[in-house]
Every structure is written in structure tokens, then in C-alpha cells.
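This report concerns only the one structure given below.
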Amino acid sequence: MKKQFKPQGICPKEIHLDIEGGILKELSFLGGGCRGNSYLVSKLIQGKKVSELIPLLKGIPCREGTSCPDQVAKALELEEKEGLPTAEMNVLTMKEKWERIGIFSGIYGNLQTLKAVLDQLSEGKLDKLICLGGLMGETFFREEIVSLLFKAKVIVLQAPSDYKFNQHKEISKPGKEFLSQLPALLEFQLGRLKGIAFHGGAMEEIPGFSEYGKYGADINAIIYLSDYLRNEHVYPAFETLSRQFWANLYVFNNTDDPFYKTLPNRHFVDVGKITPMVSKKGSYAILEAKEDQLTVEFKEIQD
């Protein structure tokens, strides 16, 4: 399994390592630096014992008192002492093709609102229900919320706030197990559209997120530009950027206000929140695809 290390004082933004049985099987420098030198360092040390590499690489200078080899040594030391985080997000891939789905986000412990949303969604003929996360609040009803989502057969994703809550709050063992196993990203097909769903926000806080991994650049661009997507003046620049994106359909929740924007062969849907941060109606979305034609309908929460 690949591990991730965030170096300090060097050009590359990330170092990815694959270590098995005390042997460095693979090494990659990502996000900057001299490609030739990085490739050479990687080739020279792959297949060697970690215990031999640490003293060999440690302390080699380049700038700011460190270097790419020195940062690799720090990564290897950290892996031996406490383990590095994984370089791959927990991704759920659905094989069946859907035509009509309901998507919501931002429960924040509000049991009554969740009940209202599930009641409203039960009235439509939907292939699947998806919750993008944001389960917990200061006063949350974990057991009841989890039970409702489970009974409704909702696919639940992990928001950054859910991950942070699980790390720092005292909750029961079953609650921790539930939160820990939630995927951070969903790959799915709606009609002929290849889609991904995620929460948004501080996705870099979720274990395994890498802006250089699959979908990483897409997610970062959408998160940081989601407010600007409401401004047609930025469309040309974003259209150029989106040509490099992996999927046709991106569903997320990065703001209180829902919106749907299209570019050639690309669809961007912010579903909003069922429990918004400011005083106004919550919302969710129903997406329907006939082949590659998408219809998006935003619904307000009925009291």
C-alpha cells in the first residue's frame, strides 16, 4: 500500500512511498522539483532496505538545511516509528448504472430534518439515495441518524467534519467504527455520465487525499472555484481547466446555496445543505439522466 509524506523545505509537495517487509519498493516525488534528479534518486534506492537507507540519505543538504533525499529519510523514519498515512482515499465504486438519484448533505445532528428529507425522497422513484456527509453536530443523535440512514439504504460519504469529529470527540466504539469505514468519494454512472460524488471543504484533511492522485486536481479546482462558478466571467478559464478532468459529472456540497452549472461534456452540481448554516430553507437535489442528458431539480425542505 502506498504511503504519503508531506515534505518541508524542498520543491516537491508530496512524497509517495511503497514499503513492504522493510524494503522500499517504490518512491515518487510529486508536485515540483527536478524531474531528472528525482527520478534518479528513486531508481537508485528502490529495492533497498529501509534500515540501510535512513543513515545513507539523512542529512544530505541542498537548501534550507534539507534536500529531497533528506526528506525521504525523514519519511522512512516516521514510517518506522508511527506509520505514515495512506496515499489512497477510501473510494466506493458502484458497478450498476443508475438513471435517477436523490442526493443530500449537511445533517449536522438534526434528526427531524433528516426524517423530513427521507420522507420527501421516499415519494419519488429513485434508484439510490446518497448522503455526502456532514452527519455530526454539537448536539447530535448518532444512533438514530445512523439507524435512519441504514434503514433507507443510503450510501453515506465521509465529510472532513465527520473525520475530525471522529478523531477528537468521545463517541462509542460502534460510532467510531461506522465513521471510520465511510468512503470519502463515490464513483458511479448516471445514464451515460461518469460521475463522482464527494463532500467538499477541507478534503486534504481526509486520510489518503492527494491533489496528485486520481480526481485530486479535479476536486481541488472545484472546491476552490465553486463560488466563482456562479460568475460567468470565469467560465472560459474553468472550461480550459476542466478539459483535464476525469469525470463528466461532479456532485458535491461546498456551499449553503445549491447550484448547477454546465460546460461542454461537464456537469457541476452543488446540492446545498439540508441544515444550512444561515437562517433559510435547506435543500437537496434529484438528478436524472437519459443517456448523456442530465436534469437537476433542487427541492426545499418542507416543514
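The values are calculated or read from the model by the stated rules, or taken from the named source; none is laboratory data. Predicted model only: the values in this text are computed from it and were never measured. Neighbour counts run over all protein chains shown; Cβ positions are idealised from the backbone, glycine included.
Structure notes:
- Selection of the stretch 245-303 for residues being under 22 Å from Ile145 (Cα atoms) and part of a strand (DSSP E or B) yields Phe252, Ser283, Tyr284, Ala285, Ile286, Lys299, Glu300.
- Test for Lys25: is it touching a His at 6+ places or on another chain (Cβ under 6 Å) and basic (Lys, Arg): no
- Of all residues in the stretch 285-303, those that are without any contact (Cβ under 8 Å) to a residue 60 or more places away in the chain have Cβ atoms under 6 Å from Cβ atoms of residues that are among the β-branched types (Val, Ile, Thr), 6 or more apart or on another chain, in Val296/Val269; Glu297/Ile286.
- Any hit, the stretch 125-148, residues being of a type in the set (Gly, Ala, Ser), in the same structural domain as Ile219 (by TED's automatic domain parsing) and within 18 Å of Gly191 (Cα to Cα): no
Results for (1) under 24 Å from Lys2 (Cα atoms); (2) at pLDDT below 85; (3) in the same structural domain as Lys128 (by TED's automatic domain parsing), shown as yes or no for each residue.
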residue	(1), (2), (3)
Gln167	yes, yes, yes
Ala202	yes, no, yes
Asn248	no, no, yes
Val271	no, no, yes
Gly282	no, no, yes
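- Residue within the stretch 139-151 that is in a loop (DSSP other than H, G, I, E, B) and either modelled with pLDDT of 80 or more or touching a strand residue (DSSP E or B) at 6+ places or on another chain (Cβ under 6 Å) (or both) present: no
- Summed over the stretch 2-22, the residues that are of a type in the set (A, V, I, L, M, F, W, C) and touching a strand residue (DSSP E or B) at 6+ places or on another chain (Cβ under 6 Å) give a count of 3.
- Breaking point among (1) buried (at least 17 other Cβ atoms within 10 Å of the Cβ); (2) at pLDDT 95 or above; (3) not acidic (Asp, Glu), for Thr93: (1)
- For the stretch 179-205, a residue qualifies if it is in a loop (DSSP other than H, G, I, E, B) and touching a Pro at 6+ places or on another chain (Cβ under 6 Å), and the qualifying residues are Gly201, Ala202.
- Taken as a whole, the condition of being in a loop (DSSP other than H, G, I, E, B) and surrounded by fewer than 17 Cβ atoms within 10 Å (Cβ to Cβ) does not apply to Gly106.
- Meets criteria (surrounded by fewer than 16 Cβ atoms within 10 Å (Cβ to Cβ), under 23 Å from the mean Cα position of the chain (by Cα) and not acidic (Asp, Glu)) for Lys81: no
- Within the stretch 49-64, the residues that satisfy the criterion of being under 16 Å from Leu17 (Cα atoms) and surrounded by 15 or more Cβ atoms within 10 Å (Cβ to Cβ) are Val50, Leu53, Ile54, Leu57.
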